[in-house]
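Read-outs: derived from the displayed coordinates by stated rules, not from any lab. These figures come from a predicted structure and were not determined experimentally. Cβ sites come from the backbone with ideal geometry, for glycine too, and all protein chains shown count toward neighbours.
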Amino acid sequence: MFEVENLTVYRGDKAVVHGLSFTVSEGSIVGLLGPNGAGKTTAICGLLGLLRSSSDRLSLNDVDLRDHPKERRARLGYVPQAVAMYPELSVVENLKIWGGLYGIGDQRIQKRVEFAIELAGLQERGKDRVHALSGGMKRRLNLAIGLLHDPDVLICDEPTTGVDAESRRAIYRALHEMKEAGKHVLYTTHYFKEVEDLCDRVVILQEGKMVLQDSLDALLSAKEQGENTSIAVQTSLSSQELEEAMTQAGIPFSQTSLPKPSLEEVFLKVTQNKGVEP
Amino acid sequence: MRGLYWLIRKDISIFFSDVSGALMTIIMPAALALLLGSIFQPPGDMGPISILLVNEDQGPVGKAWEMRLRERQDLNVTVTDREEAVSLVGRGLAPMAIFVPTDASEKLSPKELSRGTMPRLTILEDPAKQVEAMRVRGVLTELSVMVVGQRLADPSFTLELVQQGRGRLSESMDGVSPKSSRLLGQILSNTEELIEPFAALPALPIPFPKTLGDWAIQLDAEPFPKEMGKQREGYHSYSHAFAGMVCMFLLFFGLERSKQELREKMDGTHFRVATTPVSHGTMLLGSWVSTSAIALLSALITYGVGWVTVDVVVHGSIPGFLCTLIAMSWMVGGFSLMMGNVCQTNQTLTSLGTLIVLVMSFVGGAWAPSFVLSDFLQTLGLWMPTSWATEGLAAVTWRGLEFGAALGPALALFAFGSAFGCLAWLLSWKRSHS
């Protein structure tokens, strides 16, 4: 369990994220949403130890990470929004270098490089320089680098921005594999559909404060007691004709269903329509 | 340490990933050093200077001038007339014309000399060829002593000069005490008596030099003692040019590395490295060491090119040479780190960095030898690492000095590099905590 309790992150002397608390269970993906400027990146920086922060708890499987910055960085993986690697170097060189920076030993590095190349689907492009790869390939490699050192917690900052459908599917597949392997994933994205498809829980940030945290199922069923109900009937009649016919005929409604509100609707409601982008 | 190793390996791999760029880092300083070295070749390496002589004096002085000028190995004398000389110099086809006036012999007579009249030569110089003209002026000064000395070596000339002097003694004794005036008259009278017998002889009875002019002080090269240097062959302009250009281009290379650092900060790669277990200090040190390592390698290869092409040789201490290069590379690494942290945009880095490197190179004597600069600039140069780099390399290359001569410049370069690096670390630390 990756546990964050009362995390406050500072930029200079100013607290930008206040009292953020959430947990990421083993084998689960938590979506971190918020409008632009909500403090998502600052929160990530705080988690990674790149900005001054304070918290009541920051632990992984009950191991306190606060006083062990090297341990923290070794056990956390980070996939940035930007394609952050060395375009002048080949795929393999990049993976070796990043592996080395993450502290992977000589014995293990070759296996991890092979794993990452397979994960990114770049078996035929290992010797190619990164700047020669397509945008989607770079994104996949970007993710593979974050997974290179086999982190227990993976923090993804909008990893699918601007990728094609094939690469998006590859990234989803990799994240599902992480989930199945019992890893903890924290995921920020602009795409609500992605959160609906991937995440188990959602944390919504606004103006540096957490305004909502719940499981995705709970959020999406929150409107079941709401005003928008409908009857699904297979018929060629118009809705008015159907209503009249059913009333006159005294037919009880045998099947009714409530439409699930989209995550975007939930998001807009909790953030009081202040923004549409997480 | 493993993180440091991978950071250095990364930077070296990136440097060599652009093979043509890496080659240019080596070829450019060598090419410019070859050019500058040929420009600043010492006079001894230059061929004779062509000058024109317009001898309008048919007397002994005119003949003496012509003979002395023709004897010179470093001059190529063409005797011509006034009109052609003016035309050739005016059109830039000759650097200088020397005119011996018609009354040159007359002005160098005992009568004129006793009056205090100065014999004169006139010279016409091409304003665009001042360097050659300055050399010829020096030669003329030397020859003047010889020409005048040649006249004074003739006892009959000297006798007449003394007699003229005695005759004019009373005219120029205003303010002189009678006693002094009397003593001077006696000296001249005794001198006259001494010279008179020689003036009457057809040849001098003692082995006098052919002319008194040959008694002019002869300048011979004094060899440096061996402990001052293993092999000292004089100023080697290519050695100086290679020192200066290697230093300047390494600083430019440092700027390129700063740009790479800046780019990595902007595209998020730097940020990502910061999320790895590698510490902030290790990141800075990695950049510093890798820049220094590449700079050292480039410098060694460039010096190799200099050795093969124009005989740029380490006549002095090889450890001193290596020590200076290592210190210079360390300084370049620190400079690169500092510029990458001082400048926040690529544009600022390019413009400010280029200005700083050019000023440091020029004032530090990397372009031209510092002795051609003014005293102020030479003093200012002591505050430039380039000055220490060129001095240190000069000491162990063409000066042929021992390790001790390179130690001071190497320590100064090390101090400059460390100061630059500390400033970079301070700025970086401050920024990461803001």
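Worth pointing out:
- Inter-chain Cβ neighbour count for B:1-9, averaged per residue, equals 3 (cutoff 10 Å, partner chain atoms only).
- Candidates B:369, A:25, B:255 compared by Cα position along the dipole of the protein assembly as shown: farthest toward the positive end lies B:369, with charges placed on Cβ.
- Taking θ as phi - 60° and the Karplus parameters 6.51, -1.76 and 1.60, the scalar couplings of segment A:204-209 work out to 10, 9, 8, 6, x, 10 Hz in sequence order, x denoting glycine and proline.
- When the Cα positions of A:161, B:283, A:218 are compared along the charge dipole of the protein assembly as shown, B:283 comes out farthest toward the positive end, with charges on each C-beta of Lys, Arg, Asp and Glu.
- Summarising the amide proton neighbourhood of residue A:209: residues at separation of 5 or more, or on other chains, whose placed amide H is nearer than 5 Å comprise A:18.
- Shielding value for B:271-284 is 6, the average number of Cβ atoms from other chains within 10 Å of each residue's Cβ.
- Choice from B:248, B:328, B:24 showing the highest fluctuation, given a GNM over chain B with Cα pairs closer than 10 Å: B:24
- Dipole magnitude of the protein assembly as shown about its Cα centre (Cβ charges: Lys, Arg +1; Asp, Glu -1), debye to nearest 20: 900 debye
- Beyond 16 Å, the tail of the calculated P(r) for segment B:341-380 holds 44 percent of the Cα pairs.
- Of the Cα atoms belonging to the protein assembly as shown, the radius of gyration and Dmax stand at 43.8, 167 Å.
- Options B:157, B:239, B:105, ranked by Cα towards positive dipole end of the protein assembly as shown, top entry (Cβ charges): B:157
- Remark: B:11, A:164, A:217 ranked as A:217, A:164, B:11, counting other beta-carbon atoms within 10 Å and listing the fewest first.
- Net charge of neighbours whose Cβ lies under 12 Å from the Cβ of residue B:72, counting Lys and Arg as +1 and Asp and Glu as -1: -1
- Of the Cα atoms belonging to segment A:2-219, the radius of gyration and Dmax stand at 16.9, 49 Å.
- Label-to-label distance, residue B:78 versus residue B:186, with points set 7 angstrom from Cα along the beta-carbon direction: 6.0 nm.
- For the set A:14/A:40; A:127/A:183; B:107/B:129; A:111/A:179; A:111/B:265; A:96/A:138, the pairs lying more than 23 angstrom apart at their alpha carbons are A:127/A:183; B:107/B:129; A:111/B:265.
- Look at the stretch A:69-80: the mean tally of other chain Cβ atoms within 10 Å of its residues' Cβ atoms is 3.
- Computed from point charges on the beta carbon alone (+1 for Lys and Arg, -1 for Asp and Glu), the dipole magnitude for chain B about its Cα centre is near 1740 Debye.
- Amide hydrogen neighbours beyond the local backbone of residue A:79, cut-off 5 Å, H modeled: A:155, A:156, A:157
- Per-residue HN-Hα couplings for segment B:279-293 [Karplus 6.51, -1.76, 1.60; θ = phi - 60°; Hz; x = Gly/Pro]: 6, 4, x, 5, 4, 5, 5, x, 4, 4, 5, 5, 4, 5, 5
- Of B:122, A:41, the sequence from fewest to most neighbouring Cβ atoms within 10 angstrom is B:122, A:41.
- Convex hull volume per residue in cubic angstrom - Cα atoms of chain B: 226 Å³
- When the Gaussian network model of chain B links Cα atoms closer than 10 Å, the mean-square fluctuations of B:340, B:268, B:392 top out at B:268.
- Virtual spin-label span in nm between residue A:244 and residue A:150, 7 Å along Cα→Cβ: 7.1 nm
- Segment A:137-229, dipole about Cα centre (Lys/Arg Cβ +1, Asp/Glu Cβ -1), debye to the nearest 20: 340 debye
- GNM result for chain B, Cα springs below 10 Å: residue of B:288, B:307, B:330 fluctuating most strongly: B:307
- Helix-derived mean residue ellipticity, 222 nm - over the protein assembly as shown, DSSP H n ≥ 4, -39500 (n - 2.57), to 500: -17500 deg cm²/dmol
- Each of A:176, B:236 was scored by other Cβ atoms within 10 Å of its Cβ. Listed from fewest to most, they are A:176, B:236.
- Relative contact order of chain B, pairs being alpha-carbon contacts under 8 Å that are 6 or more residues apart, as %: 19 percent
- Here is the list for segment A:1-42: GluC sites (Glu not before Pro) lying in DSSP coil, each with at most 15 other C-beta atoms within 10 angstrom of its C-beta, are A:26.
- Note, ³J(HN,Hα) from phi for segment B:271-278, Karplus 6.51, -1.76, 1.60, rounded to Hz, x at Gly and Pro: 4, 5, 4, 5, 7, 7, x, 6
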